[in-house]
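A quick write-up on the structure given underneath.
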Amino acid sequence: MPPRATAVLISGRGSNLQALIDAAATPGYPARIVRVISNVPDAGGLKRAEAAGIPTRVIDHRGFKGRAAFDAELHKALTADGVELVCLAGFMRLLTADFVEAWRDRLINIHPSLLPAFPGLDTHARALAAGVRFTGCTVHFVRPTMDEGPVIIQAAVPVLPDDDESRLATRVLAAEHRAYPFALDLVASGRARVVGERVEIDGMRAPAEPLFNPLP
Ligand code: GRF
């Protein structure tokens, strides 16, 4: 099967985009990044895409009258490129239910916490304030409610005694860079499928053995 045509949507520095670009350059990887779209004209991730020879497009949300109009343009652009899968990678816009439904089970997101804990912003500060012993990251299929949807994979990261927001964020980000390419591999290869709003991997409700261990 040819690699699945994948678009990555960004708003910022694009370190997760970079992890996906690097993975997609590996022989046999089941996804090919055909387009990077940013809603922010000077997002750092655009340069990463250009350096990798991936076509980019800026769709500045400020030029649209509302979410529906912006999402319609986004949908048109993705369809024009023959995109099959969409990865949100630090894309800081809420998407309309219509858009999310149009891309149901073909739209994935990464979030820097073990969902359903700490959806939304400031996840690391909130994890520290809550005193949790582990946090981490989640790659999930997108549903209309923000940071909600069937979990593809998660990576747990311990909270260490000296952690502040920035130290914790750095360690979680390193886990994100391993988790996202792995999750996209599972989805693009057809190994991960949504069954009754849970993700089965290789037809099982949980992986037969740990998919990977983010701890050193
Ligand atoms: C990541 O922590 C991601 O989980 C969150 O936004 C951040 C984006 O970072 N959704 P980057 O742009 O991929 O470096």
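Observations on the structure shown:
- Residues (assigned to a helix (DSSP H, G or I) and either closer than 20 Å to A188 by Cβ or away from the ligand (no atom under 15 Å from the Cβ) (or both)) located in the stretch 8-44: N16, L17, Q18, A19, L20, I21, D22, A23, A24
- The criterion of at least 1 residues that are modelled with pLDDT of 95 or more, under 25 Å from P41 (Cα atoms) and out of contact with any Gly (no Cβ under 7 Å at 6 or more places or on another chain) is met by the following strands (runs of 3 or more DSSP E) wholly inside the stretch 66-172: 85-88, 107-111.
- Test: residue in the stretch 82-95 that is exposed (fewer than 15 other Cβ atoms within 10 Å of the Cβ) and within 15 Å of the ligand (Cβ to nearest atom): yes
The rows are residues; the columns are (1) touching a Ser or Thr at 6+ places or on another chain (Cβ under 7 Å); (2) within 15 Å of the ligand (Cβ to nearest atom).
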residue: H111; (1), (2): yes, yes
residue: A127; (1), (2): yes, yes
residue: D162; (1), (2): no, no
residue: R167; (1), (2): no, yes
residue: V172; (1), (2): yes, yes
residue: F182; (1), (2): no, yes
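- The condition (being in contact with a Pro (Cβ under 7 Å, 6 or more places away or on another chain), crowded, with 19+ Cβ neighbours inside 10 Å and closer than 23 Å to R48 by Cβ) is satisfied by just one residue among A175, A179: A175.
The values are calculated or read from the model by the stated rules, or taken from the named source; none is laboratory data. Please read all numbers here as calculations on a predicted model, not as lab measurements. Cβ coordinates were reconstructed from backbone atoms using ideal geometry, including for glycine residues, and neighbour counts include every protein chain displayed.
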